[in-house]
Amino acid sequence: MQPIDPMEPIASEVVPHGPEWIAQVKWDGVRVLTYADGLSVRLFNRRQNERTWHYPEITQLGDYCKTNSVILDGEVIALGEDGKPSFHEVMRRDGLRRMEKVSQMQKIVPVTYMIFDLLYLNGEWVIQRSLQERMELLQRMIVPNEQIQLVSSHNDGSALFTVVQQHQLEGIVLKNLTSRYVLGGKDASWRKVKDYRDLIAVVGGVTLRDGIVNSLLLGLYDREGRLHYIGHAGTGKLTQQDWRGLTQTIVPLRQQAMPFYRLPSRHKDAVWLSPQLTVKVQFAEWTASGTLRQPSIQSFVDLPAAECVLE
Amino acid sequence: MHTVWKGSISFGLVNIPIRMFTATEERDIHFRQLHKECHTPIKYAKMCPHCDREVSADEIVRGFEYEKGNFVIVQDEDLDKITPETRRAIEILDFVDLTDIDPIYFQKSYYLSPQDTGDKAYALLRQAMKNTGKIAIAKVTIRNRQSLAAVRIYDNCIVMETIYYPDEVRAVSQVPALPDHEIELAENELKMAEELIRNMSTSFDPAKYTDQYRTELQHLIEQKMEGKEVAVAPTAPRANVIDLMQALKESLAATSNAPAGSPVRVSTQAAERPEERPAAEPAQATTSTTRKLRRKKAEA
């Protein structure tokens with residue numbers, strides 16, 4: 001089975017209303033599709049990178065799925081100490097390089113697979129069927145347990161958004177019940193309305209305090225390949241130990257040349273880096289001058305710097 | 001898999017854009033060194049013994065020790081001047097038979113996969129090499145270092161093996177005490193040895209060989225993590241996704257004034273709560289044993 005490029009919601013500011021729209025919580029984690037062809041079960045993320053060995057919880061298909069010929073679409077999440085889905089936590093699993101650590105990390109960072117769609121069932125593609133039908137099939141096939149859940153759907157999108165804001169979750173996804181599953185990325189029959197925003201940025205420099213990195217200078221590339229400064233972040237999910245580790249990590253990346261297209265406002269004592277590290281940042285909104293308001297570091301990610309572009 | 005390099009295979013006039021992945025990995029279990037007292041990882045500081053202080057990266061230069069205590073300083077600019085042109089290409093020079101290259105030359109294996117529009121040319125080279133049974137010798141520059149490589153087919157993938165330059169393989173003549181061929185051997189002893197080899201002959205089955213020591217070490221670590229002697233407590237017991245889903249459901253019911261169970265056309269039995277919740281318990285157990293361990297330490 002060749003992994004596919006999964007369907008993505010487009011961003012929206014308003015919640016669409018109408019009997020054909022349902023709303024789901026947008027679970028903040030990593031997108032994982034499960035491909036089972038009757039012989040083997042393999043997992044791939046949105047970028048078609050294999051994750052089969054990262055999540056034994058999901059590859060034990062027989063524990064939760066009534067068939068062994070299926071493609072499932074969902075989000076793998078892990079909760080933080082505050083009981084909310086934490087991208088930082090799930091990256092502790094998703095970012096593992098040494099697979100012998102998986103069984104240890106399973107205990108430290110338990111994950112839940114939030115399944116929301118079904119693409120293939122018993123030897124047949126079902127992507128041409130309506131979302132309504134696919135969800136009904138999904139419900140018949142999946143037996144939820146502690147680590148496998150079905151994403152629930154709600155009629156009142158506005159009410160769900162209010163709840164999501166109360167609970168400080170990422171946002172909601174609105175889906176058209178009559179729509180088919182569109183391969184190859186963004187499609188308007190899925191819309192996301194976000195409570196907080198996030199993006200993946202390139203680290204072009206750092207500032208230090210007492211010899212330890214205490215903030216990251218962030219940038220995004222434009223179409224001409226120029227790196228634009230979008231702000232600095234010094235708060236978020238990194239622990240003291242992470243900052244110390246980072247101080248070591250950046251040593252080989254140090255360079256004399258400032259990598260940004262224009263000199264950042266915060267540049268005194270900045271140490272410039274070869275733009276290679278990428279980091280997921282949450283923020284409140286864009287300022288008029290094109291920088292992030294209240295950016296907060298979620299986790300370092302494994303995305304090539306060149307793919308961090310201004311939208 | 002993680003792309004370690006992007007470039008192309010150049011083969012005659014054809015350029016095949018490829019991505020490269022490390023084919024093998026060390027599976028040894030690594031330990032960190034900790035300070036016995038507080039279990040903080042030990043940090044290595046770069047010290048100058050002459051100035052008696054720690055030095056930072058920008059205070060360090062590269063020196064080649066041509067005789068004890070005497071150095072020539074080599075700057076980045078010096079190296080840039082002589083760096084082989086990074087053509088980012090695996091340049092195929094010759095085709096040879098695999099048996100022409102002794103395994104002693106093989107260094108490290110990398111998988112190559114086509115990128116962008118390269119899949120057709122990739123498939124063509126793969127098939128041609130399969131049909132002729134030949135492997136390619138190529139020159140490749142990775143990270144400013146030029147090396148020699150063999151390009152061959154493994155399974156359905158083009159693989160690049162970096163190989164040592166001939167002067168990097170030590171001459172066998174330097175190995176001491178090798179008996180020469182003239183040494184007299186007893187006919188019947190030789191026959192017995194050959195017979196033994198025949199009896200032990202089988203086909204190579206890689207799955208048969210596992211690292212016994214690593215498996216046991218892994219097991220030992222898991223045992224320790226399961227409770228008894230964890231050095232630092234893993235994070236506190238975690239909240240449960242099912243609890244969160246339930247909380248959302250209740251909030252939603254309060255918000256929309258609808259009964260809690262029925263907000264959805266496609267019914268949601270997903271949030272049903274299992275009878276027992278094993279997730280929280282092992283974590284708690286770990287914490288308490290850790291506490292016990294700490295107490296023990298304090299008493300000691």
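The values are calculated or read from the model by the stated rules, or taken from the named source; none is laboratory data. For clarity, every value in this text was computed on a predicted model and none was experimentally measured. In this analysis, Cβ positions are derived from the backbone assuming ideal geometry, glycine residues included, and neighbour counts consider all displayed protein chains.
A few notes on this one:
- Odd one out for A:LEU72 among (1) out of contact with any Cys (no Cβ under 8 Å at 6 or more places or on another chain); (2) at pLDDT 90 or above: (1)
- Of all residues in segment A:26-44, those that are among the polar types (S, T, N, Q), at pLDDT below 95 and under 28 Å from A:LEU160 (Cβ atoms) total 0.
- Those strands (runs of 3 or more DSSP E) of segment A:58-171 in which at least 2 residues are within 11 Å of another protein chain (Cβ to nearest Cβ) and hydroxyl-bearing (Ser, Thr, Tyr), considering only elements entirely within it, cover A:112-121.
- Here B:GLY63 passes the criteria (1) surrounded by fewer than 11 Cβ atoms within 10 Å (Cβ to Cβ); (2) outside any helix (DSSP H, G or I); (3) outside the structural domain of B:THR117 (by TED's automatic domain parsing) except the one numbered (1).
- Qualifying residue in segment B:144-161 (condition: exposed (fewer than 11 other Cβ atoms within 10 Å of the Cβ), assigned by TED's automatic domain parsing to the domain that holds B:PHE11, at pLDDT 90 or above and of a type in the set (Ser, Thr, Tyr)): no
Residue-by-condition table, conditions (1) in contact (Cβ under 8 Å) with a residue 60 or more places away in the chain; (2) surrounded by 11 or more Cβ atoms within 10 Å (Cβ to Cβ); (3) more than 30 Å from B:THR24 (Cα to Cα); (4) in contact with an Asp or Glu (Cβ under 9 Å, 6 or more places away or on another chain):
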| site | (1), (2), (3), (4) |
| --- | --- |
| B:GLY69 | no, no, yes, no |
| B:LYS81 | no, no, yes, no |
| B:PHE95 | no, yes, no, no |
| B:TYR111 | yes, yes, no, no |
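- Listed by first and then second residue, the pairs linking a residue in segment B:238-265 that is more than 18 Å from A:GLY157 (Cα to Cα) and of a type in the set (Val, Ile, Thr) to a residue that is modelled with pLDDT of 80 or more and surrounded by 19 or more Cβ atoms within 10 Å (Cβ to Cβ), with Cβ atoms under 6 Å apart and 6 or more places separating them unless they lie on different chains, are B:VAL241/A:THR112.
- Apart from one condition, A:SER215 fits all of (1) in contact with a Pro (Cβ under 9 Å, 6 or more places away or on another chain); (2) polar (S, T, N, Q); (3) within 22 Å of A:TRP286 (Cα to Cα); the exception is (1).
- Flag for A:GLN294 being surrounded by fewer than 19 Cβ atoms within 10 Å (Cβ to Cβ), within 13 Å of another protein chain (Cβ to nearest Cβ) and of a type in the set (S, T, N, Q): no
- Here is the figure for segment A:224-272: residues that are surrounded by fewer than 17 Cβ atoms within 10 Å (Cβ to Cβ), within 23 Å of the chain's Cα centre (by Cα) and among the basic types (Lys, Arg) total 0.
- Residue check, A:ALA284 away from every other protein chain (no Cβ under 14 Å), surrounded by fewer than 16 Cβ atoms within 10 Å (Cβ to Cβ) and within 30 Å of A:ILE77 (Cβ to Cβ): yes
- Qualifying residue in segment A:16-33 (condition: of a type in the set (Phe, Trp, Tyr) and over 28 Å from A:VAL109 (Cα atoms)): yes
- Positions within segment B:133-176 being under 21 Å from the mean Cα position of the chain (by Cα) and among the small types (Gly, Ala, Ser), in sequence order: B:SER147, B:ALA149, B:ALA150
This table checks each residue for (1) in contact with a Cys (Cβ under 6 Å, 6 or more places away or on another chain); (2) under 18 Å from B:THR3 (Cβ atoms); (3) without any contact (Cβ under 8 Å) to a residue 12 or more places away in the chain.
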position	(1), (2), (3)
B:ALA136	no, no, no
B:ILE142	no, yes, no
B:ARG152	no, no, no
B:ASP155	no, no, yes
B:TYR165	no, no, no
B:GLU168	no, no, yes
B:ALA171	no, no, yes
B:ALA177	no, no, yes
